[in-house]
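The values are calculated or read from the model by the stated rules, or taken from the named source; none is laboratory data. Please read these numbers as outputs of a predicted model, since none were measured by experiment. Cβ placement follows ideal geometry from the backbone for every residue including glycine, while neighbour counts extend to all protein chains displayed.
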Amino acid sequence: MKNLLKAVLVLTFAAGLTACHKNVKDSANGDLNGDTEMVLTESEIESAVASIPTQEVTLGVVNFALDQYTLSDDARKIVETNVKAIKAAANAVSNYQVTIEGNCDDRGTTSYNIALGQKRADEVKAYYVRLGIPANRIATVSYGEEKPVCYESTQECWAKNRRADTLVSAN
């Protein structure tokens with residue numbers, strides 16, 4: 001299983017996830033902008049491979065605009081790259097599971113954020129299914145605002161928390 005996870009991670013990096021994008025919501029017009037790119041070095045990739053958990057691998061993160069759950073063109077590209085890694089995992093092991101975690105920023109009520117997080121996870125799942133990942137291999141969960149990756153009350157931080165995380169595990 002450890003070799004599977006390493007293969008998925010290496011394929012993910014090789015497929016173009018070595019570029020990390022930072023989306024910042026422009027407060028004037030509501031658009032996401034400010035993309036920056038950072039390419040990992042070979043030693044950073046090797047370090048990441050050595051430190052991955054033995055149970056699951058997190059793939060590319062899909063970000064969303066405020067109060068939205070539809071996939072942008074950039075989000076579709078991330079999902080398409082993730083599909084390549086998932087299919088590689090499926091070729092390596094027949095028993096794998098994909099989990100999509102929907103998340104929101106901390107604005108809005110708890111019930112609204114749980115519902116929005118679920119819509120985000122469901123939208124990502126639907127695109128995975130359209131791209132050939134079997135629906136019975138994909139689970140979704142919404143954490144609403146409960147699993148932030150950033151804790152500041154800024155536009156940049158809120159943008160990071162509006163996301164869907166994809167995790168792949170071998171069962």
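For the stretch 142-171, taking the residues that are of a type in the set (A, V, I, L, M, F, W, C) and within 16 Å of residue 59 (Cα to Cα), the one that is surrounded by the fewest Cβ atoms within 10 Å (Cβ to Cβ) is identified as 149.
Residue 37 passes every criterion in (1) touching a strand residue (DSSP E or B) at 6+ places or on another chain (Cβ under 6 Å); (2) surrounded by 14 or more Cβ atoms within 10 Å (Cβ to Cβ); (3) modelled with pLDDT under 80 apart from (2). Scanning the stretch 148-161 for residues that are part of a loop (DSSP other than H, G, I, E, B) and not β-branched (Val, Ile, Thr) yields 148, 150, 151, 152, 153. Scanning the stretch 99-135 for residues that are of a type in the set (A, V, I, L, M), over 22 Å from residue 171 (Cα atoms) and either at pLDDT below 95 or touching a strand residue (DSSP E or B) at 6+ places or on another chain (Cβ under 6 Å) (or both) returns a single hit, 114.
What do you reckon, is residue 72 closer than 14 Å to residue 163 by Cβ, in contact with a Phe, Trp or Tyr (Cβ under 9 Å, 6 or more places away or on another chain) and hydroxyl-bearing (Ser, Thr, Tyr)? Taking the combined requirement at face value, the residue satisfies it.
Of all residues in the stretch 109-147, how many are part of a helix (DSSP H, G or I) and either touching a Cys at 6+ places or on another chain (Cβ under 6 Å) or among the basic types (Lys, Arg) (or both)? Please lay out each step first, then the result.
Residues of the stretch 109-147 part of a helix (DSSP H, G or I): 110-130, 135-137.
In the following step, the residues that additionally are either touching a Cys at 6+ places or on another chain (Cβ under 6 Å) or among the basic types (Lys, Arg) (or both) were identified as 113, 116-117, 119-120, 125, 130, 137.
Summing the residues that are part of a helix (DSSP H, G or I) and either touching a Cys at 6+ places or on another chain (Cβ under 6 Å) or among the basic types (Lys, Arg) (or both) in the stretch 109-147 gives 8.
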